[in-house]
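> Mind looking over this structure? Questions follow.
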Amino acid sequence: MKQKVIIIGSGIGGLSTALRLSQRGYEVEILEKNAQAGGRLNQIKMDGFTYDTGPSFFSMSCEFQELARDCGIKLPFDIVELDPLYAVNFSGNPKFFQIYKDPKQLAQEFEKFEPDFEQKMRNYLKKASRVFNDTVDIVIKRNFDSILDYILALMKVNPVHLPLLFRNFWQEVSLNFSSKEVRQILSLVAFFLGRTPFDTMAVYTLLSYTEFQHDGYYNVKGGMYKIVEGFVSELINRGVKINYNVEIVDFLPNNGKLQSVVDKDNRVWNGDIFVVNADAAVFRSKVFKRKKYSEENLAKMAWTMGYLTLYLGLKTKLPNVHHHNYFLGSNYEEYSKNILTSDLQLEKPYYYVNVISRSNPECAPEGCEALFFVCPVPNLLFKQDWSDKDKIVDSIIKDFSKRIGKDIEPDIISKTVFTPIDWQNKFNLFKGSGLGLAHNFRQIGGLRPKNFDEEFSNVFYVGASTVPGAGLPMGIISSKLVTERVERYSKQTI
Ligand SMILES: Cc1cc2nc3c(=O)[nH]c(=O)nc-3n(C[C@H](O)[C@H](O)[C@H](O)COP(=O)(O)OP(=O)(O)OC[C@H]3O[C@@H](n4cnc5c(N)ncnc54)[C@H](O)[C@@H]3O)c2cc1C
C-alpha cells in the first residue's frame, strides 16, 4: 500500500517536495493555511493589476531544471535570463549603473570610479567561484545526520577558504575594490540573504559568482507566480490534493511517531509521514511546543530583517525606469549597520523597485504600470509599532519620484502595503522576519534546525529555516534533501 505523506505548507519547499514524492509513488496531500498556494512566492490581484508579492527573480536555474528532470516533466513555465541583471542609482546622481554580467561591459560603467575594474572583477569572481565549487556539494547540497558529520564535511573543504570565515562580506569586497560605488553594488547581494554586508560572512561572496557567472538571474514569463501555477497544475494532474484555509495548530503523537496533525477548526489529518514546510523553527515552537524553540529561545536566535513591501498601480507608463532597480542613499555603511535593529534611518529609505509590467504587460491595464517596492526594515523584534507605515511609504514615493524625474503621486490608482506584521500573520514568519533564520556561522549547515525531527521519526522539514537556507533555489535543494530523508525512512520501516 502507498505511504501517505502530509505536507504542511505550500511554499516553494512544500510544492517541490510534493512533486518529488508523488513522482516516487507516495500518496501526497498538502495542507495550506492560506486561500492560495505559494507561501511568500505569492500573488496579489487588485484593481486590475497583478503583483508578485515576494521573489521577483532567482539564481541557480539549474536547480529548477534538476527538479523537472527528477520528476520526469518539462518546467511548466518559461524562464527569461536577465542581462543586465539590474540597475543601481545613488542619491544625488542621475546615473543608473547597468549591472552587466560581462566584466568587460561592466567595466565601462565603472571606468570613472574604479581603475582596472575588469581585471579586479575577474580576480574577485575567480576566488568566489572557487568558494562556490569547493562548498556546493560538500556543504550546501547535502544532509548532515549529526554535528560530527557536519564537522567532518567542513574538514573536506579546501582550507584556503578559512580566512573567509573571519571576514565579513564588506571587508572581502573592500580588499578587492577601492571605490564606494563598486563596493556598495557588489555587496548588495548580501541583502538577498536578509542581513547586511557587515554581518554576513565573506564566504557568501560565492553569491557574486552565482549572480555574475554561474547562472545569473532569471525572471518568469508572465510573472513569478507562474512557477506556483505550473507546479500546482502538475500536482493536480498527479492526483495530489491541496487543502486551503487549513492551519495546523496541534498534533497527536503515537509511540515516538506523529499520528495526526490538528487544524484550527479541530479537524484531524492522518498520515504515515509528515513534511513541515511551515518555518522549521516556528513550527517546533508553536505547534510542537518544544522547549529548545520556546518563544524566548527563538528571540535569542539570529533572524533576517523584515520587509516593508509596497504594490503600486499607476495610470501612466514609466518608460525610463528599468525592470529591476536598486535605489541607494548616501549613508550605506551607517544605514546597513542600523537597519536591522533601529528605525532611525527609515526617513532616508533604501529600496528596490521591480516594474513588473515592463516585461509582463498582462500584469497591468493598458497604459498603466504595476510596481513592486521592497524596503528592508527591522523585524518585529526591534520595531513593533508600524503606525508610521504611511509616512515611510510617502517618503519612498517622494524619493522615487525625485530620482526618476516624474511625480507619480497623482497617477497612483492602486496601493497595497505589507509591513512585517502582515508578513508575520500571513505566513507565520517569526516576528515578520522576511527570509527566516539568518545564515550566520551558528545557523548554517549542521547547525541550522535539522530537516528531521528530534522526537518523531516520521516528521521532516523543508524550506527556508532548515537546510540549506533562504531563497527559491535553496528551497528546491531543500526539497531534494528532505526527499532523501523520507526515502531513507521508508526503507527502514518497510
Ligand atoms: C519580500 C521578499 C522578497 C524576496 N525576494 C526573493 C527573490 O527575489 N528571489 C528569491 O530567490 N527569493 C526571494 N525571497 C525569499 C523567498 O521568498 C523564500 O526563501 C521562499 O519563498 C521560502 O519558501 P518556503 O517554502 O521555505 O516557505 P514559505 O514560502 O513561507 O511557505 C511556507 C508555507 O507554509 C504555510 N504555513 C505556515 N504555517 C502553517 C501552518 N501552521 N499550517 C498550515 N500551513 C502553514 C504558509 O502559509 C506558507 O504558504 C524573498 C522573500 C521576501 C519576503
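> Provide, as a two-decimal number, the C-alpha radius of gyration of segment 305-364 over 2.2 N^0.38 Å, N being how many residues it has.
1.37
> Another question, then. Arranged by the count of other C-beta atoms within 10 angstrom, fewest first, what order do Met155, Met305, Met224, Met1 take?
The order, fewest Cβ neighbours first, is Met1, Met155, Met305, Met224.
> Taking N as the number of residues in the chain, what is its alpha-carbon radius of gyration divided by 2.2 N^0.38 Å?
0.96
> Let me ask another. Extending each Cα 7 Å along its Cβ direction at Asn338 and Lys406, get the distance between those two points in nm, one decimal.
Placing both labels 7 Å along Cα→Cβ, they lie 3.3 nm apart.
> Right, something else. May I ask which of Lys315/Lys402; Lys180/Lys398; Lys264/Lys292; Lys226/Lys264 have a Cα-Cα span longer than 20 Å here?
The pairs that break the limit, which is 20 Å between Cα atoms, are Lys180/Lys398; Lys264/Lys292; Lys226/Lys264.
> Test of understanding: ordering Arg284, Arg142 by Cβ neighbours within 10 Å, fewest first, what list do you get?
With the sparsest Cβ surroundings first, the list reads Arg142, Arg284.
> Please quote Rg/Rh for segment 133-277 to two decimal places, taking the Kirkwood radius as Rh and restricting both calculations to Cα atoms.
1.10
> With r as the distance between the Cβ atoms of Ser294 and Asn158 and R0 = 41 Å, compute the FRET efficiency 1/(1 + (r/R0)^6) and round to 0.05.
The value I calculate is 0.55.
> Now for a separate question. If you average 1/r across every pair of different Cα atoms in segment 103-213 and take the reciprocal, what Kirkwood value do you get, in Å?
14.8
> Now a separate question. Sorted from fewest to most neighbouring beta carbons within 10 Å, what does the list Ser174, Ser433, Ser233, Ser179 look like?
So the residues, fewest neighbours to most, are Ser233, Ser179, Ser174, Ser433.
Since every read-out is calculated from the coordinates, none of them should be taken as a lab result. Because the structure is predicted, anything quoted here is derived from the model rather than measured. Methodologically, a virtual Cβ is constructed for each residue, glycine included, from the backbone with ideal geometry; neighbour enumeration extends over all protein chains shown.
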